[in-house]
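Beneath this line is the structure, given in structure tokens, with notes to follow.
The values are calculated or read from the model by the stated rules, or taken from the named source; none is laboratory data. What you see is a predicted model; the values in this text were computed from it and never measured. Cβ placement follows ideal geometry from the backbone for every residue including glycine, while neighbour counts extend to all protein chains displayed.
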Amino acid sequence: MAKIGVLALQGDVSEHVQALERAGNGKVQAVLVRKSGQIDECDALVLPGGESTAICRQLESHGLTKELKAAALSGKPILATCAGLVLVSKEIMGGDEGRVKPLGLMDVKINRNAFGPQKESFEADLMVKGLDKPYRAVFIRAPAIGAVGSDVQVLASIGETIVAARQKNLLALAFHPELTPDPRIHQIFLKMLEE
Ligand code: GLN
């Protein structure tokens, strides 16, 4: 049984646990990650949405920053959603630098306030690479990917704005796949365990 760790310092943790178990069909066990040593025991990791400034601080104070970086570099699949996307990026752009220290794991630049305060939250039907029907995605104070490196595959966009991408073992989304009953995004992630 694959063990999937959900970083549980802050944010929508229990929704991810449920979504993973639903998508995994009894074949995965989701565990909450809070302490040093736990990341090593997991086969894959989810970095949930929340507040990237707070998560970033808590990663440091729980001594998890190094372990998370090592897990990403070792090739463990990582699903980074919303604030998680901000965390794995290599750079924050758009005048919002300095408040979060991104981990630099994925070759993307992030605009934390891409959709502006007037669009704090919304839903959109996305065409996601690898899915044959549109995916109804929930965006909450969503960041967006403003620039991608050559190793990064864009998976979904709204107009010109990139909202989902993959680089090797990292799957990163500006939206919240745990907040909809559609299991397909978590299924894509769990498939990465077999690669
Ligand atoms: N914009 C938030 C941040 O940068 C993320 C919002 C979310 O995770 N729903 O932390």
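Okay, here's what the table says:
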quantity: Subset of segment 16-48 [within 20 Å of residue 175 (Cα to Cα) and in contact with an Asp or Glu (Cβ under 8 Å, 6 or more places away or on another chain)]; calculated: 16, 18, 19, 48
quantity: Verdict on residue 50 being at pLDDT 95 or above and either among the β-branched types (Val, Ile, Thr) or part of a loop (DSSP other than H, G, I, E, B) (or both); calculated: no
quantity: Filter pass, residue 166 being assigned to a loop (DSSP other than H, G, I, E, B) and within 25 Å of residue 45 (Cβ to Cβ); calculated: no
quantity: Out of 148, 138, 128, 152, sole residue that is within 14 Å of residue 189 (Cβ to Cβ) and surrounded by fewer than 22 Cβ atoms within 10 Å (Cβ to Cβ); calculated: 128
quantity: Matching residues, segment 103-125, being modelled with pLDDT under 95 and crowded, with 18+ Cβ neighbours inside 10 Å; calculated: 111, 112, 114, 115
quantity: Extreme residue, nearest to the chain's Cα centre (by Cα), among residues of segment 89-109 that are of a type in the set (A, V, I, L, M, F, W, C) and farther than 27 Å from residue 42 by Cα; calculated: 92
quantity: Residue check for residue 3: assigned to a strand (DSSP E or B) and not small (Gly, Ala, Ser); calculated: yes
quantity: Leading residue by the ranking (surrounded by the most Cβ atoms within 10 Å (Cβ to Cβ)) among those in segment 27-57 that are out of contact with any strand residue (DSSP E or B) (no Cβ under 6 Å at 6 or more places or on another chain) and small (Gly, Ala, Ser); calculated: 52
quantity: Hits in segment 38-81 (condition: among the small types (Gly, Ala, Ser) and over 26 Å from residue 195 (Cβ atoms)); calculated: 50, 52, 54, 61, 63
quantity: Restricting segment 69-88 to residues that are more than 18 Å from residue 43 (Cα to Cα) and without any contact (Cβ under 8 Å) to a residue 60 or more places away in the chain, the residue that is farthest from the ligand (Cβ to nearest atom); calculated: 87
quantity: Unique residue being more than 10 Å from the ligand (Cβ to nearest atom) and part of a strand (DSSP E or B) when the list is 155, 131; calculated: 155
quantity: Options 29, 58, 18, 10: the member that is out of contact with any Phe, Trp or Tyr (no Cβ under 8 Å at 6 or more places or on another chain) and either in a strand (DSSP E or B) or of a type in the set (A, V, I, L, M, F, W, C) (or both); calculated: 29
quantity: Every pair of residues 6+ apart whose Cβ atoms lie under 7 Å, when the first sits in segment 50-62 and is farther than 15 Å from residue 85 by Cβ and more than 7 Å from the ligand (Cβ to nearest atom) while the second is modelled with pLDDT of 95 or more and of a type in the set (Ser, Thr, Tyr); calculated: 62/36
